[in-house]
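A.B. asks: Sharing a structure with you now.
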């Protein structure tokens, strides 16, 4: 038996199917406004799914009413303003088991997971980059985005300019932060060739020397590897960040979450 009605308002619970549903409670303890659908249930296009693929199946919007036609969805994650989503979620969402993706995962920030992140059907995961995005300092109506450099070691750097000096003082905190045996220095003479060389390096200074005592005028760029932790292992055998042979607790990796107890 079926009924056809224009509108149905449910002030208490809506249940479609059979069974006790602890999540929405029962009887006098029921949660008003809650619902249970045993499924399979289809939303959107009625013919998108030829068989029951899942408990809930959501297809493209195909409502003929004028107000529901081609919703305009602004935002950087949209593939086109006339390409409506099948599912929109405002707020946090959780998936307790596997997530299979046929195409790309677009993320406006980090992709964080406690296990392996995989696209099973030939799609791509676009790894989030570490960056900043600010209003453009010189072009009105524009923005400026920079991203962090990447390398095979945990380095820090300082840069600057030397004028009429033969020493570059390293930051005081480098003595406990940087392994001075890993320090490398790049020098660029200013104005004329000076044959500037690095005479020696210690934990506090870079000592320079020029040809025949010519006054030194140059830019410098100094890198050193941090010693407060393990050295990075840039290449390792494995299928996910969980296979990293070093101490994962020292790293925050886009696409993986290490707060697993």
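A.B. asks: Say whether the condition of being closer than 15 Å to residue 168 by Cβ and either surrounded by fewer than 13 Cβ atoms within 10 Å (Cβ to Cβ) or modelled with pLDDT of 90 or more (or both) is met by at least one residue in segment 224-233.
C.D. replies: Initial filter on segment 224-233 (closer than 15 Å to residue 168 by Cβ): 224.
Retained after the next criterion (residues that are either surrounded by fewer than 13 Cβ atoms within 10 Å (Cβ to Cβ) or modelled with pLDDT of 90 or more (or both)): 224.
There is at least one residue in segment 224-233 that is closer than 15 Å to residue 168 by Cβ and either surrounded by fewer than 13 Cβ atoms within 10 Å (Cβ to Cβ) or modelled with pLDDT of 90 or more (or both).
A.B. asks: Show the residue pairs meeting these rules: Cβ distance below 9 Å; 6+ apart or different chains; first residue within segment 1-27 and at negative phi and free of Cβ contacts under 8 Å to residues at least 24 places away in the same chain; second residue surrounded by 10 or more Cβ atoms within 10 Å (Cβ to Cβ) and assigned to a helix (DSSP H, G or I).
C.D. replies: From residues that are at negative phi and free of Cβ contacts under 8 Å to residues at least 24 places away in the same chain, the pairs are 13/24; 15/24.
A.B. asks: Condition first: more than 18 Å from residue 223 (Cβ to Cβ), in contact (Cβ under 8 Å) with a residue 40 or more places away in the chain, surrounded by 15 or more Cβ atoms within 10 Å (Cβ to Cβ) and in contact with a strand residue (DSSP E or B) (Cβ under 9 Å, 6 or more places away or on another chain). Can you find one or more residues in segment 172-187 that meet it?
C.D. replies: No, the conditions are met nowhere in segment 172-187.
A.B. asks: Which of (1) loosely packed, with under 13 Cβ neighbours inside 10 Å; (2) closer than 24 Å to residue 182 by Cα; (3) modelled with pLDDT of 90 or more; (4) out of contact with any strand residue (DSSP E or B) (no Cβ under 7 Å at 6 or more places or on another chain) does residue 237 not meet, given it meets every other one?
C.D. replies: The failed condition is (2).
A.B. asks: Those residues that are surrounded by fewer than 12 Cβ atoms within 10 Å (Cβ to Cβ) and under 37 Å from the mean Cα position of the chain (by Cα), I need them from segment 188-211; list them, please.
C.D. replies: 188
A.B. asks: Still on this structure: Could you pull out the residue among 150, 140 that is modelled with pLDDT of 75 or more, under 30 Å from residue 182 (Cβ atoms) and loosely packed, with under 10 Cβ neighbours inside 10 Å? Explain how you work it out, then say what you get.
C.D. replies: On the way: 140 fails: under 30 Å from residue 182 (Cβ atoms).
Within the list 150, 140, the selection yields 150.
A.B. asks: Turning to a different aspect of this structure: Within segment 126-137, restricting attention to residues that are touching a strand residue (DSSP E or B) at 6+ places or on another chain (Cβ under 6 Å) and either in a loop (DSSP other than H, G, I, E, B) or under 30 Å from residue 62 (Cβ atoms) (or both), which residue is modelled with the highest pLDDT?
C.D. replies: 136
The values are calculated or read from the model by the stated rules, or taken from the named source; none is laboratory data. Nothing here was measured: the structure is a model prediction, and the numbers come from that model. Here Cβ is always computed from backbone atoms with ideal geometry, including for glycine, and neighbour counts include all displayed protein chains.
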